[in-house]
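Below is one structure, written out as structure tokens, with a few remarks after it.
The values are calculated or read from the model by the stated rules, or taken from the named source; none is laboratory data. Please read these numbers as outputs of a predicted model, since none were measured by experiment. Here the Cβ positions follow ideal geometry from the backbone for every residue, glycine too, while neighbour counts run over all protein chains shown.
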Amino acid sequence: MRLEELKEILSEASQVFVLTDENVAQYWLPELEHWLGFEHAEEIVIGAGESHKTLQTAQEIWETLLENNADRQAVLVNLGGGMVTDLGGFVASCYQRGIRFVNVPTTLLAMVDAAIGGKNGVNFAGCKNQIGTFAEPLEVMINPICLSTLPEREMLSGLAEMVKYGFIADDALLKVDDRNYEQYILRAGEIKREIVEEDFKEHGYRKVLNFGHTIGHSIESYSLTTSTPLTHGEAVAVGMWCALWLSIDQCGLDEEVLDDYCPKMRLLLSEAEWDFSAKDIDAIMAYLDHDKKNVDGKHGFVLLKDVEKPLYDQFVPDELVRQSLNELMDYLSDL
């Protein structure tokens with residue numbers, strides 16, 4: 001969709017609402033009206049951070065929509081990182097059985113992953129994205145200028161998802177780092193769109209997008225209960241290490257792939273406060289039991305036969321998962 005078409009849709013909407021968080025609001029909320037050309041939008045500013053991606057926050061937004069008599073011709077513009085686009089998409093897709101929404105991602109992670117593909121949701125009972133919907137935004141508007149205010153740690157979080165695309169689809173993205181990432185943003189988004197178009201509701205091939213996320217989500221969820229929470233990308237970075245280790249054991253992946261990844265993982269974790277060890281494995285495994293990819297209690301992984309050759313629905317015994325976590329903890333303890 002061309003920008004002028006989007007502006008026309010917004011001008012014809014019964015109402016425009018803008019959802020953002022308190023961090024993004026101070027930088028980019030004043031710019032948004034200029035970018036999209038609308039007037040008199042109702043602003044909804046929520047707290048920043050993953051702890052606000054909840055049903056309670058969704059309820060508060062729905063109440064705001066009701067108080068302003070929002071109807072089915074209203075449009076919700078989600079301005080922010082993955083937390084805002086996940087939450088805003090969920091809110092919009094449920095309100096009056098679905099109103100239109102636009103994602104304007106302001107983080108690298110959201111630009112290459114979270115804002116694309118129509119997965120929306122909230123965290124529930126301490127688990128990532130347990131309640132959610134599939135609903136596509138009208139458009140995802142990417143403006144790289146938003147990255148100028150992004151902290152280095154959040155930039156590295158986005159790089160982890162870009163590296164993931166390198167493993168599953170295009171090995172050129174394995175070269176991405178904190179100096180050259182801009183040249184790969186469009187390619188990363190293109191890969192995700194191609195995979196989503198093939199399997200929108202994740203019945204089959206779309207599952208490959210979960211490479212690194214099975215253990216990654218469990219580590220991320222557990223870390224949120226500690227004094228040293230990880231970003232999503234940091235958790236995915238270590239999740240990919242475990243997935244590569246398991247791929248060597250289960251799928252015959254060349255060990256050099258893991259060896260080559262180790263320096264990249266060190267970069268992706270360079271801003272993290274890693275404070276986990278073997279004593280945390282039981283708690284991480286407990287979160288793994290709630291993973292959405294589980295089938296009949298078995299843990300479903302995306303593994304690699306080779307770079308660009310992912311295999312989904314690979315069910316790995318608990319003892320091997322534990323062994324991969326032990327190997328990870330040993331490796332990181334030496335850094």
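List of remarks:
- Scanning the stretch 84-103 for residues that are under 30 Å from Cys262 (Cβ atoms) and either modelled with pLDDT under 95 or in contact with a Leu (Cβ under 9 Å, 6 or more places away or on another chain) (or both) turns up nothing.
- Going through (1) assigned to a helix (DSSP H, G or I); (2) at pLDDT below 95 one by one, Gln59 falls short only on (2).
- Condition broken by Gly233, with the remaining ones in (1) closer than 24 Å to Phe315 by Cβ; (2) at pLDDT 95 or above satisfied: (1)
- Counted residues, the stretch 185-215 - those being in a helix (DSSP H, G or I), touching a residue at least 24 places away in the same chain (Cβ under 8 Å) and in contact with a Leu (Cβ under 9 Å, 6 or more places away or on another chain): 9
- The listed residues are Leu55, Leu66, and the only one of them that is free of Cβ contacts under 8 Å to residues at least 60 places away in the same chain, surrounded by fewer than 24 Cβ atoms within 10 Å (Cβ to Cβ) and assigned by TED's automatic domain parsing to the domain that holds Ala125 turns out to be Leu66.
- Within the stretch 163-185, considering residues that are under 17 Å from the mean Cα position of the chain (by Cα) and either β-branched (Val, Ile, Thr) or surrounded by fewer than 13 Cβ atoms within 10 Å (Cβ to Cβ) (or both), the one farthest from Leu209 (Cα to Cα): Ile185
- Residue count for the stretch 308-324 satisfying the condition of being hydroxyl-bearing (Ser, Thr, Tyr) and assigned to a strand (DSSP E or B): 1.
- Residues located in the stretch 109-134, provided they are touching a Lys or Arg at 6+ places or on another chain (Cβ under 6 Å) and farther than 18 Å from Asp199 by Cα: Val122, Asn123
- Sole exception among (1) at pLDDT below 95; (2) not in a strand (DSSP E or B); (3) not polar (S, T, N, Q) for Glu327, by number: (1)
- The stretch 122-152, subset of a type in the set (A, V, I, L, M) and part of a strand (DSSP E or B), residue nearest to the chain's Cα centre (by Cα): Val122
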